[in-house]
Amino acid sequence: MTDVDRFADIRPYRDEEVPAAIERLIQDDEFIGAIARYRFGSLMSWLGWAIRPLIRLFLRRKWCKVTTVRQVQLGVTRYMSRMIATSTKGITFSGIEHLKKEQGYLFVSNHRDIAMDPAFVNWGLHSHGFDTVRIAIGDNLLRKPCATELMKLNKSFIVKRSAKGPREMMKMLGELSAYIGNSVHEGHSIWIAQKEGRAKNGDDKTDPAILKMFYLDGKKQ
């Protein structure tokens, strides 16, 4: 691994990697099957052999001009807009006026839903003309290849929670801390939950290990 790409195993996809990732999704039987079951339900039991190829053809035509991460996220924006309009009474944001568009920020958030927590942060930033965040996601949620492809296309980077033993865990925490530090210093904002897992009783408290992880890179400066 070169110094230029020393975070290759955890970072999100870059623009030049988007077309290949999309093609892998289209070829993924589990991904296509999930779409088919969602859209066609019981028809899949006796027409699946015909439906799957049609879905692949549809997606290939729909996504043939998607070549950048921004284009992927603009597609997500349309779904977010529809969801907010149909399932909420509106969303408000405060404090954005204190942010600078050319600067990277570290957003440490309460954790209710790994998809929607950063999605709402991104919606607030995007609707005010800011770039979206890079999203920390645990590798325990990426057991399926299609999940990995989707999340890395959406600017997610991987937290290796499967690391075992003190030495491996320290290496993982150092790499993660360095990636977050580099991102923020280069003007890319980061979203990370304040602790592993959702608060079952609504009592959100920051895990001290998260703060120690941030400090690993900061102490070098």
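The values are calculated or read from the model by the stated rules, or taken from the named source; none is laboratory data. Predicted, not measured: the structure shown is a model, and the values here were computed from it. Note that each Cβ is placed from the backbone with ideal geometry, even for glycine, and that neighbours are counted across all protein chains shown. Heads up: the accessible areas ignore ligands, DNA and RNA and are worked out on the full protein's heavy atoms, side chains in. Shrake-Rupley method; radii C 1.70, N 1.55, O 1.52, S 1.80 Å.
Shape class for the stretch 148-220, computed from the alpha carbon gyration tensor (a ≥ b ≥ c): rounded, with a/c under 1.5.
Taking amide H positions as modeled 1.01 Å from N, with prolines and chain starts lacking one, no residue 5 or more places away or on another chain lies under 5 Å from THR132. This structure gives Rg/Rh (Cα atoms, Kirkwood Rh), computed directly, and of (1) 1.02; (2) 0.98; (3) 1.24 that value is listed as (2).
What shape does the stretch 48-178 have by the C-alpha gyration tensor, where a ≥ b ≥ c are the square roots of the eigenvalues, rounded means a/c under 1.5, and otherwise prolate means a/b greater than b/c and oblate the rest? Taking the square roots of the gyration eigenvalues as a ≥ b ≥ c, the stretch 48-178 is oblate. When only Cα pairs below 8 angstrom with a gap of at least 6 residues are kept, the stretch 97-221 shows a relative contact order of 38 percent.
Annotation: per residue accessible area for the chain equals 63 Å², rounded to a whole number [probe 1.4 Å, protein chains only].
Summarising the amide proton neighbourhood of VAL159: residues at separation of 5 or more, or on other chains, whose placed amide H is nearer than 5 Å comprise ILE137, GLY138, ASP139. Here the accessible area is traced with a 1.4 Å probe on the protein chains. For the chain, carbon and sulfur cover 57 percent of it.
Loop-located trypsin sites (Lys or Arg not before Pro) in the stretch 1-60 (DSSP state not H, G, I, E or B) with no more than 16 neighbouring Cβ atoms inside 10 Å: ARG6, ARG14. Basic side chains Lys and Arg get +1 at the Cβ, acidic Asp and Glu get -1 at the Cβ, and with that the dipole of the chain about its Cα centre reaches some 540 debye. Here's the list of lysines a cross-link from LYS205 could span, going by alpha-carbon distance under 18 Å and ignoring same-chain residues fewer than 8 apart: LYS195. Averaging the sequence gap over all C-alpha pairs within less than 8 Å and six or more residues apart, then dividing by the number of residues, gives the chain a relative contact order of 26 percent.
Comparing ALA147, ALA85, ALA20 in a Gaussian network model of the chain, where Cα atoms under 10 Å apart are tied by springs, the biggest mean-square fluctuation is seen for ALA85. Classification of the stretch 119-176 by its C-alpha gyration tensor yields an oblate form. The axis ratio a/c (a ≥ b ≥ c) is 1.5 or more, and b/c is at least a/b.
Checking every one of the GluC sites (Glu not before Pro) in the stretch 117-188 against DSSP loop status and a limit of 10 other Cβ atoms within 10 Å picks out GLU186.
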